[in-house]
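Below is one structure, written out as structure tokens; comments come after it.
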Amino acid sequence: MNFKVAASDFDGTIFREQKISAEDLSAIKSWRAAGNKFGIVTGRCYPMLTPHLNDFNLEIDFAICDNGAIIFDDGKIIFETEIPPKVLFELVNEQCLKKSFHFLLEAADETFYFGVKENSWVVSEGVRWKNFLTPIDAAQIENLPKKINQMALGFETIEDTKFAAETLNLKFGEKIFAQRNTRSLDIVTAGINKAQGVENLLSVMNWRGEVFVIGDESNDLPMIKKFGGYTVNTAKDFVKREATAIFDSVGEMLKKFS
């Protein structure tokens, strides 16, 4: 069967100003009704994505989460990678991460956290997400009961985030990949990013159709470059320079290629 595959970043691309527009929802519905596939590719963990999908009644065919470290098909894991506990323990003791607002260790359905500071979203929004947040002590890292797909951190400045990413990639580049997204820093296993996430999805599902990707931030650049992808008009200039075209919305892109 011949169909097209569209993969959209979430925050800042389809989820803007705390909403998904009616126009985007309509375009996605039409895209899927035509037999095409649509999904989300995000740095978020799955439990932080699905409530928003439910809020806006957005049905998707796949979710590539944690920057490609884990992939879901109808809520079921079809691909995942793991950061070994020993590597996690080494990472959290790195001096360049001491300024992070928090340490989040993200598994498929649960996030373990420690080292939370006042300016962390875990403090301001923790109640909202408490159903999957589990506090731990740093000493427990090597004995966690679940696979950790991604470690997420947050910093006060872009400079601190950039320094941490560069330091970790230089020292641990054979084991992990640290990618920044403004003042957030996400760490996954080496070789994993959003482009590889889309590639792994296509391989596992044995999909062969045309692929359209769209994003707005630095962690979207691998897939934008790999697939000749697109961005939105609210994206930063350095992303716009890499995009094949700029659209007002995800819906506009879907309509263009329907």
Phi-derived 3J(HN,Hα) across segment 53-62 with the Karplus relation (6.51, -1.76, 1.60, θ = phi - 60°), rounded Hz, x for Gly and Pro, is 4, 5, 4, 9, 6, 9, 8, 10, 9, 6
Using a Förster distance of 41 angstrom, determine the FRET efficiency expected from the C-beta separation of K86 and F238, and round it to 0.05.
0.70
Roughly what % of DSSP beta bridges within segment 1-115 run antiparallel, to the nearest 5?
60
Listed values (i) 19; (ii) 45; (iii) 25, entry calculated as percent of Cα pairs over 32 Å apart
(i)
Can you send over the carbon and sulfur percentage of the accessible area for the chain, probe radius 1.4 Å, protein chains only?
47
Mean separation of Cα contacts under 8 Å (6+ apart) over length of the chain, as relative contact order %:
22
Reachable lysines, given that their alpha-carbon falls under 21 Å from the alpha-carbon of K86 and they are not under 8 places away in the same chain
K98, K146, K147, K171, K175
What number comes out for the charge environment of L104, summing +1 per Lys or Arg and -1 per Asp or Glu over other residues with Cβ under 13 Å away?
-3
Unit charges on C-beta of K, R, D, E only; dipole of segment 111-219, Debye
320
Given the Cα atoms of segment 93-164, and with Rh set as the inverse mean 1/r over their pairs in the Kirkwood sense, what is Rg to Rh to two decimals?
0.96
Once amide H atoms are placed 1.01 Å from N in the peptide plane, what residues at a sequence separation of 5 or more from R44, or on another chain, have their amide H within under 5 Å of its amide H?
D66, N67
What figure, in Å² to the nearest 10, do you get for the accessible area of S203 with a 1.4 Å probe and non-protein molecules left out?
90
Among A6, P47, A34, whose Cα lies farthest out toward the positive end of the dipole of segment 5-64, if unit charges sit on the beta carbon of Lys, Arg (+1) and Asp, Glu (-1)?
A34
Using a probe radius of 1.4 Å on heavy atoms only, what accessible surface per residue do you get for segment 62-189? Whole Å² is fine.
48
So what is the calculated 222 nm ellipticity per residue for the chain, using -39500 (n - 2.57) for each DSSP H run with n of 4 or more, over all residues, to the nearest 500 deg cm²/dmol?
-9000 deg cm²/dmol
Loop-only check: which GluC sites (Glu not before Pro) in segment 79-121 are DSSP coil with at most 10 other Cβ within 10 angstrom?
E118
Any trypsin sites (Lys or Arg not before Pro) in segment 179-258 that lie in a DSSP loop and have at most 11 other Cβ atoms within 10 Å would be R208, R241
Under a point-charge model restricted to the Cβ atoms of Lys and Arg (+1) and Asp and Glu (-1), what is the dipole moment magnitude of the chain relative to its Cα centre, in debye to the nearest 20?
380
Length gain on complete extension for the stretch S218 to N131, per 0.36 nm per residue less the alpha carbon to alpha carbon distance?
28.4 nm
Between E118 and Q18, what FRET efficiency comes out of the Förster formula 1/(1 + (r/R0)^6) with R0 = 22 Å and r the beta carbon distance, rounded to 0.05?
0.45
Place +1 on the Cβ of every Lys and Arg and -1 on the Cβ of every Asp and Glu in the chain, take the dipole about the Cα centre, and give the residue among A139, F247, I83 whose Cα lies farthest towards its positive end.
F247
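The values are calculated or read from the model by the stated rules, or taken from the named source; none is laboratory data. Keep in mind the model is a prediction, meaning the values are calculated, not measured. Because the Cβ atoms are built from the backbone with ideal geometry, glycine has one as well, and the counts that use them run over all protein chains shown. Quick note on the areas: whole protein, heavy atoms, side chains included, nothing else; ligands and nucleic acids left out. Shrake-Rupley method; radii C 1.70, N 1.55, O 1.52, S 1.80 Å.
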